[in-house]
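The next block holds one structure in the form of C-alpha cells; read it before the comments.
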Amino acid sequence: MDKPLPPIWGPQPDSDRPSLPRKPQTANSMRGQPQARWPSPTRRAHSLSENAPVKESPLRGFLHKTFSGEKSQQVSYQDVEVASISDEEEKKISPNDIVIAVMGVTGAGKSTFIQELTGDELEIGDKLHSCTVDVNSHRCNQPGYENVWLIDTPGFDDTERTDADILHEIGEYLVQASADKIFLTGIIYLHRIQDPRIGNAAMRNIRMFKRLCGEDGLSRTTLVTTFWAGVKLEEGEQREEELLTNSDLWRVIREKGGKAFRYEHKNKASAKVVVKHIIESKLGPKILQFQKEMDDGTKIIETQAGIEVNDTMEKLKLRYQTEIENLQKELEEAKAARSNDVKQLRKEFEETEKKLQKVMRDRELLGATKDSLKNRVRARVSRARHGKCLVM
Ligand SMILES: Nc1nc2c(ncn2[C@@H]2O[C@H](COP(=O)(O)OP(=O)(O)OP(=O)(O)O)[C@@H](O)[C@H]2O)c(=O)[nH]1
Ligand SMILES: [Mg+2]
C-alpha cells in the first residue's frame with residue numbers, strides 16, 4: 001500500500017497535478033550528510049538554540065525603525081504577543097493562505113528568522129558555508145497566524161552550487177505554486193547590517209531578486225536587517241540610512257511604499273512584527289514576474305532571471321577555460337623541468353576541469369520549461385509514494 005505522503009501544498013496528491021511536497025528538515029538532510037526519507041515535519045514549541053547565550057543587541061529590545069515614503073517612525077514591538085502552538089497536524093498550503101518568501105544572501109539569517117516564527121527545526125548555517133539547499137514551506141506557529149507560511153530559500157551566492165542550479169530549484173517551486181494557484185503575498189528580504197558594504201555576492205542576489213520578482217513583487221517586499229548585535233547602534237543606523245538612500249534595491253522598494261524593519265536575533269516579537277506588517281498591508285497575493293514568464297511558455301533561460309544567470313554561467317565557463325589553458329601550460333613546463341610542482345598542478349588541473357564540467361551540466365538546467373519543472377515535482381511525489389529517497 002502507498003505510504004501517506006508528507007504534507008503537500010495546494011491540491012491533494014491524488015489529483016492530476018503534483019503538488020510540491022515539503023522536503024525534510026532534519027539534521028540528516030544537511031549537506032554532505034546521508035539523505036533520509038521524508039519524515040513528518042518536526043515541530044517543537046521552542047527553537048533548538050533558544051537557550052544559547054545571546055549577546056545584547058544594540059537595539060536594546062525595544063524599537064524598530066520603519067519608513068513609509070519619506071517619513072520614518074519608531075515602532076515598538078514590546079506589546080506584540082508571542083506564544084507558540086504545538087500543532088502537530090500536517091497541513092498544506094491553500095490558495096487562501098498568506099505565503100511569504102524569505103530571501104537574501106547566504107548567512108543573512110533566513111532560516112533563523114523562519115525558525116523563530118514556526119518552531120520548525122531548520123538547518124542553521126555556520127556563517128561560512130551555504131546551508132539551506134532546498135526551497136521549503138514552514139507554517140507559522142503563532143496563535144492567529146496559522147494560515148501564514150514562510151518559504152525558506154537558498155541564496156544565489158551559494159558556496160557550493162551554481163546560480164543555474166539554484167534558479168532551477170526555486171523555479172520548480174514557483175512553477176508548481178503557480179499551477180496550484182498559490183502566489184506570494186509578501187517577500188522578506190534580509191540584509192546583514194554588520195556588513196560594511198554590499199559586496200559582489202549581495203549585488204548578485206539583489207539583481208536576481210529584482211528579475212525574479214518584477215515590479216509587482218518589489219512592491220510587496222519588506223526589508224529586514226539582521227545581525228544588529230554585530231554593530232554599534234549608531235553605526236548600524238548610519239548604514240541603514242545609507243542603504244535606504246543609496247542602494248538601488250532599497251530605494252526602489254522604499255519608493256513603492258515598502259518598509260524596513262530590524263530583526264533582533266532570537267527575539268520572536270521582532271520577527272512577528274514583520275509578518276504582522278505584511279498581513280496588515282492587505283496587498284493580497286500576486287504572481288511574480290518569473291512565474292508569469294514561465295506560464296507564458298518560456299524556458300528558464302529566456303526569463304529575465306534566466307538571462308542573468310546564463311550570463312553569470314558564461315563568465316564562469318570562460319574563467320575556468322582560461323584557468324585550464326594556463327594550468328596546462330604550467331603543467332607541461334613543470335613536466336619538462338621535472339619539477340616537484342607536477343603533482344600539485346595536475347591536481348589543480350583536474351579540479352578545475354571538474355568545475356568546468358559542472359558549469360556546463362548545470363547550464364543545461366536553464367533549458368527547463370514549465371512542463372519539465374512540473375514533471376520533476378511529479379517524479380518527487382511519486383518517489384515519496386514509493387518510499388524512495390527524495391532529496392535530489
Ligand atoms: N548575531 C546574529 N547571528 C545571526 C542572526 N541571524 C542568524 N544568525 C546566525 O547566522 C548564521 C547563519 O544563519 P542562517 O539562518 O543559517 O542563515 P541563512 O540565510 O539561512 O543561510 P543559507 O541557508 O546558507 O542561505 C547562524 O549561525 C545563525 O545563528 C542575527 O540576527 N544575529
Ligand atoms: Mg538557510
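The values are calculated or read from the model by the stated rules, or taken from the named source; none is laboratory data. In this text, all values refer to a predicted model and were calculated from it rather than measured experimentally. As a convention, Cβ positions derive from the backbone with ideal geometry for all residues, glycine included, and neighbour counts pool all protein chains shown. Areas reflect the complete protein model, heavy atoms only, side chains present, ligands, DNA and RNA absent. Shrake-Rupley method; radii C 1.70, N 1.55, O 1.52, S 1.80 Å.
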ask   = How many residues are open to solvent by 10 Å² or more (accessible area, probe 1.4 Å), assigned to a helix (DSSP H, G or I) and either within 14 Å of ligand 1 (Cβ to nearest atom) or farther than 14 Å from CYS213 by Cα (or both) when one looks only at the range 174-185?
value = 1
ask   = Hey, does the range 101-110 have a residue that's assigned to a loop (DSSP other than H, G, I, E, B), more than 16 Å from ligand 2 (Cβ to nearest atom), under 21 Å from LYS266 (Cα atoms) and of a type outside the set (A, V, I, L, M, F, W, C)?
value = no
Residues of the range 274-330 satisfying the condition of being aliphatic (A, V, I, L, M), open to solvent by 70 Å² or more (accessible area, probe 1.4 Å) and closer than 17 Å to ARG204 by Cα = ILE307
inquiry  = Return the pair list, or none, for Cβ contacts closer than 6 Å from residues in the range 280-299 that are more than 13 Å from ARG220 (Cβ to Cβ) to residues that are of a type in the set (D, E, K, R), at least 6 apart or on different chains.
reply    = MET294/LYS370
task = Collect the residues in the range 247-265 that are surrounded by 20 or more Cβ atoms within 10 Å (Cβ to Cβ) and among the charged types (D, E, K, R), keeping them in residue-number order.
result = ARG254, LYS259, ARG262, GLU264
ask   = Just to be sure, is ILE188 within 16 Å of ligand 2 (Cβ to nearest atom), in a strand (DSSP E or B) and in contact with a Phe, Trp or Tyr (Cβ under 8 Å, 6 or more places away or on another chain)?
value = yes
query = Out of (1) under 20 Å from ASP311 (Cβ atoms); (2) within 16 Å of ligand 1 (Cβ to nearest atom); (3) open to solvent by less than 10 Å² (accessible area, probe 1.4 Å), the odd one out for SER137 is which?
reply = (1)
request  = Could you please let me know if ARG161 is of a type in the set (Lys, Arg) and away from ligand 2 (no atom under 14 Å from the Cβ)?
outcome  = no
note = Residue set LEU244, LEU223; condition at negative phi, open to solvent by less than 60 Å² (accessible area, probe 1.4 Å), in the same structural domain as LEU283 (by TED's automatic domain parsing) and in a helix (DSSP H, G or I); output residue LEU244
request  = Filter the range 90-118 down to the residues that are charged (D, E, K, R) and open to solvent by 20 Å² or more (accessible area, probe 1.4 Å), then identify the one that is nearest to GLY217 (Cα to Cα).
outcome  = ASP97
task = Among the residues of the range 143-159, write down those that are within 16 Å of ligand 1 (Cβ to nearest atom) and either open to solvent by 30 Å² or more (accessible area, probe 1.4 Å) or part of a loop (DSSP other than H, G, I, E, B) (or both).
result = THR153, PRO154, GLY155, PHE156, ASP157, ASP158, THR159
query = Right, ARG380: farther than 30 Å from GLU215 by Cα, of a type outside the set (Ser, Thr, Tyr) and in contact (Cβ under 8 Å) with a residue 24 or more places away in the chain or not?
reply = yes
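Conditions (1) over 22 Å from the mean Cα position of the chain (by Cα); (2) touching a residue at least 60 places away in the same chain (Cβ under 8 Å), marked per residue:
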site	(1), (2)
THR225	no, no
TRP228	no, yes
GLN238	yes, no
ARG251	no, no
GLU255	yes, no
PHE261	no, yes
GLU264	no, yes
VAL273	no, yes
